[in-house]
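Below is one structure, written out as structure tokens; the observations come after it.
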Amino acid sequence: MSTPNHTSSEPLRGLSRLVVDVTWLRWSFWLLLAAWFLQPALALPFHVGKAQDWAYFNQHATSAWLSWTVYGQFPQWEPFSCGGIPAIGNLQGTPVGLTQLCAALFGLMPGQRLASLLFVLIGLEGGFHYARHRGAHGFGALAAGVLFGLSGRFVQLFHDGQPVFLSFELLPWALLCLERGWVRWRYAVAGGFVMALLFLEGGAVPTPLVSVLLGFLVLIRTGTALWRRLHGQADVDWWRPGATLALMAVITFGLTLWRILPVVESLIRYPRVWHGVDSYSIGHVLNMLLREGSKQGYTQDGSSLVGMGATLLFGVALLARDRRATWLLAGTIVCLDLATGRSEGLGLFLLLKAMPVLENLRNPFRFTVFAGFFMAMGAGLGLSIIEERLLASVHRIQVPEVWSELRRQWFVRALTGLSVAISLAVAVGPCFQLAHFG
């Protein structure tokens, strides 16, 4: 296999990077895009959907909000359900975390909507940075961030009444910290903080699923490192991926032990047992990812949509025999197999069900959010390769230095603040208005 030659296209490739890598410009784009994506929720924050889970999760959020803001108490107990249930010990509640902080500052429902906006922004920026880490650049990396951050599974969460699971938007940051931690330990420490936030926000669903994915990727990377060592091409010590994941786990446990202990106590007293295994054909899973359809229902066509266009762009990277696409393909295959929940193929989900604690995993279709992530990253890489090949054919054109110099001028810096202020006003203005005057 070979990687593309970047030398001839380097001048023009720099133009794409100069535009996209301007932080204020990119974040202005993210804010406007996230505001469009969440427009109904931001404009009408007190409205919710008809799905039953809206009432379920809002009840937990309301109880925690009342404990913090009205009674000034730590949300240890929720007295509003069946004579009372644990609050801090309930994995499906979010009594602490970024969402509760926003709710305390701006009111329950407006605060939740603003937290949703923050998580979408985190996902867009995280997808962008992970795509660059995997070889994409410029508009390719930007497209990868959009394809993941606004994928169909996040649309589906609002139909299902489960915006609490927007913590899946932290996925690219967890992966980025894990993979960079193979070289520098400080990234493993940062990864522990990311996983702690994910646990405090996502609880019962995103935390174990992301942990499982990290485990599989560590196994793949360890095997790759051993293979390269045998062939005299070692780039990472074979033990480093496992040690990185272990350090991330230690940091996560250390930061969240005060929440983990009551959760463990609750699970011991009231076990959450789920022995059944949902099964989906690979065709069904692919329809969720590739085929547009109704968003009503957990597993309908298009419920995890990234689109056929993203698949074709990913195919470009694979057909170009680009080594950078290999890791993304491996992640896609693992996640597609996990999403089926079947014994056909690799049967990885059934392997998980045979393990302690993980035996209670259910709804394997949620692994489609991970498959869609890797496909989005592959699409960004494919778009970058197309850009490189096109620019290589016109390599005589040079990038003017004017843009680079312009970024240093005072009026451009003033424009930075104005642009971000306008974007914020458009994005969160209605929500702030209702929070304070509604």
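The values are calculated or read from the model by the stated rules, or taken from the named source; none is laboratory data. Here the structure is a predicted model, which is why all the values come from computation and not from measurement. FYI the Cβ positions are ideal-geometry reconstructions off the backbone, even for glycines, and counts take in every protein chain you see. The protein model used for the area step is the full one, side chains on, heavy atoms only, and it has no ligands, DNA or RNA in it. Shrake-Rupley method; radii C 1.70, N 1.55, O 1.52, S 1.80 Å.
Please report the spacing between the Cα centers of segment 94-109 and segment 261-329 in Å, no decimals.
Rounded to whole Å, the Cα centres lie 29 Å apart.
Evaluate E = 1/(1 + (r/R0)^6) for Lys50 and Leu318, where r is the Cβ-Cβ distance and R0 equals 41 Å; express this FRET efficiency to the nearest 0.05.
With R0 = 41 Å, the Cβ-Cβ based efficiency is 0.50.
Roughly how big is segment 151-303's charge dipole about its Cα centre, with Cβ charges of +1 (Lys, Arg) and -1 (Asp, Glu), in debye to the nearest 20?
420 debye
Roughly how many Å² is the accessible area per residue of the chain, as a whole number, for a 1.4 Å probe?
Dividing the accessible area of the chain by its residue count gives 46 Å².
Stretched out fully, how many nm does the piece from Asn363 to Ile333 gain, at 0.36 nm a residue minus the Cα gap?
9.0 nm
Could you work out how far apart the two model spin labels at Phe253 and Ser81 are, taking each label as a point 7 Å from the Cα in the direction of the beta carbon, and quote it in nm?
If labels sit at Phe253 and Ser81, their model points lie 2.7 nm apart.
What order, most packed first, do the peptides 81-92, 363-374, 96-107 have when packing is the mean number of other Cβ atoms within 10 Å of each residue?
363-374, 96-107, 81-92
Extension gain Glu292-Ala354, at 0.36 nm per residue separation less the Cα-Cα distance, in nm?
Taking 0.36 nm per residue and subtracting the Cα distance, the gain is 18.9 nm.
In terms of solvent-accessible area of protein heavy atoms at a 1.4 angstrom probe, what is the ranking of Tyr71, Tyr130, highest value first?
The ordering from most to least exposed comes out as Tyr71, Tyr130.
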